[in-house]
Amino acid sequence: MSEKSALMSAADIAQAVSGRKITALDATEAALSRIAVHDKVLNSFTDVTADRARAKAKAIDAAIAAGQSVGPLAGVPFAVKNLFDVQGLSTRAGSKINRDLPPSPRDATLIERMEAAGAVLVGALNMGEYAYDFTGENVHDGPSRNPHDPTRMAGGSSGGSGSAVGGALVPISLGSDTNGSIRVPSSFCGIFGLKPTYGRLSRARSFPFVASLDHLGPFARNVKDLALAYDAMQGPDADDVGCAGRSLEPTLPLLTHDIDGLRIAIAGGYFQKNVFPEAIEAVARVAKALGATQTIELPEVARARAAAYIITTTEGASLHLDRLRQRPNDFDPAVRDRLIAGAMVPAPYVDKAQKFRRWYRAKVLELYKSVDVILAPATPCTAPKLGQVNFVLDGVELPVRANIGIHTQPISFIGLPVVAVPVPLEPMPIGVQLIVAPWREDIALRVAYALEQMGVAAAPPPRGL
């Protein structure tokens, strides 16, 4: 396949493979070749599973030759954040410590489901250590780099997932989102990302960060591919007690540019503060295209972010206490110090944060009686420079790492589904959140598709490769 063919969408690859215009092995070799050339710049992969991928592709081609159905993702290359269990690989979760784990005996449920739909796993992706990161700068494996400017951050913690799709190394990747780790890389890398409702997709055989906040979801360069991956992964899973057990609710047939009747509002107050002009411009463009003029206030958002911090750091610390005691010097110092601080948070603070969380969720859900979609920035700015410690906003110097997720944390805190859509500003893209009520991913994807059809939301070609 040519370089141009390697940039085909997942939907087009699957159609071409199923229709015998190309082979699954062709599609796989094109992805592997592109990874070999361009990941030297992007550093998005930590493991390339080339032998496995070729074997899977050959099996798909044999099945097609035998007249068998191979699924809606036939021959589509994909990759996963390295906190997903991949059979034969140690699940490093971005850490040094986990490399001592034995190889995983079985794939994560979501990998199994993607491959059951015909997709081909080509590797595992770089990430922030133990997912406690917004920058994509891993101290052990090096930073994932932005496909539009390799001197800039890819975002985190799913930095490799964003970089690989933004750089068109693969059409689909999987990541995780606890406080914004799908939406932030989507915004910085200029791609679409879906953080589904908490409990919608199985987390079985993935390494946790904060069990009460962790979500898994896909990245893609267009909405149809995002929906294809999402549909392939849905469904109950006995291996995940936190999975809601809802049956498959396919969204792909619901994609339409018709959004008449949807009530769309712009998040005001908190979400219009501490943002750079590019974030304001992106939300304004999306709102104008959708005809959204109403502004809506979410209650006590700053307190929600504070409560999210407390729950994140205390749950994360509890998970890692033994590692902190036994191997403190093998952590990224920034991650280690935040986890140690979390271990010292007084229990009454945690109890108060959890009580507030229940109150806040109830109050926000009340808003969905009068609106269907809420628009908000995904990040306060476009991708900062790698290594950048602070940025200046309204004359105030703020730490980059702590403030990248200022607009995502109050949303994942209560498990709402969100599609992050890329607005292709110059010189760097930036994302907007389409926030909907629980279990209404279909609405968010429908609005994202309408924006894509209007040309307002689009994944720009990688400018840095």
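Every read-out reported here was derived from the displayed coordinates using simple, explicitly stated rules and does not represent laboratory data. Not measured: the values here are computed from a predicted model. Quick reminder, even Gly has a Cβ in these numbers, built from the backbone with ideal geometry, and neighbours come from all protein chains shown.
For the residue pairs LYS58/LYS81; LYS40/LYS81; LYS81/LYS352, alpha carbon separations beyond 22 Å are given by LYS58/LYS81; LYS81/LYS352. For region 278-412, the Cβ-based charge dipole about the Cα centre amounts to some 360 debye (Lys, Arg positive; Asp, Glu negative; other atoms uncharged).
Each of HIS320, HIS140 was scored by other Cβ atoms within 10 Å of its Cβ. Listed from fewest to most, they are HIS140, HIS320.
Counting every C-alpha pair in region 312-375, the share spaced more than 20 angstrom apart comes to 48%. When the chain is described by a simple charge dipole with +1 on each Lys and Arg Cβ and -1 on each Asp and Glu Cβ, the residue from PHE84, SER69, LEU398 located farthest towards its positive end is LEU398. Helices in the chain, meaning DSSP H runs of at least 4 residues, each add -39500 (n - 2.57). Divided by all residues, the mean residue ellipticity at 222 nm is -11500 deg cm²/dmol. Annotation: peptides 374-382, 14-22, ranked by per-residue average of other Cβ atoms within 10 Å with the highest first, follow the order 374-382, 14-22. In this rough spin-label picture, where each label sits 7 Å from Cα along the Cβ direction, the ALA36-ARG20 distance is 2.9 nm.
If you look at the Cα atoms of region 189-259, you get an Rg and a Dmax of 13.0, 39 Å. Among MET114, MET428, the order by Cβ neighbours within 10 angstrom, fewest to most, reads MET428, MET114. Only Lys, Arg, Asp and Glu carry charge here, each on its Cβ (+1 for the first two, -1 for the last two); on that basis the chain has a dipole of about 420 debye about its Cα centre. Here the ratio of the Cα radius of gyration of region 126-176 to 2.2 N^0.38 Å is 0.99. Beta bridges per DSSP, both residues in the chain: antiparallel share near 70 percent. Taking 17 Å as the straight-line reach from the Cα of LYS288, the aspartates and glutamates in range (excluding those fewer than 8 positions away in the same chain) are ASP258, ASP260, GLU278, ASP372, GLU452.
Under the criterion of Cα pairs below 8 Å and six or more residues apart, the relative contact order for region 60-179 equals 25 percent. Note on the chain: Rg/Rh from Cα positions, Kirkwood definition for Rh, rounded to two decimals, is 0.94. Simple point charges give the picture: +1 on the Cβ of Lys and Arg, -1 on the Cβ of Asp and Glu, and for region 298-370 a dipole about the Cα centre of about 300 debye.
Selection among THR313, LEU367, MET344 by position relative to the dipole of the chain gives MET344 as farthest towards the positive end (Cβ unit charges, Cα centre). Summary value for region 101-241: 22 percent relative contact order, contacts being C-alpha pairs under 8 angstrom separated by 6+ residues. Here the extension length gained between VAL396 and LYS363 equals 8.7 nm, from 0.36 nm per residue of separation less the Cα-Cα distance.
From largest to smallest, the equivalent ellipsoid semi-axes obtained for region 38-84 from the alpha-carbon gyration tensor read 27, 11, 9 Å. Mean separation of Cα pairs under 8 Å and 6 or more residues apart, divided by the residue count, gives the chain a relative contact order of 17 percent.
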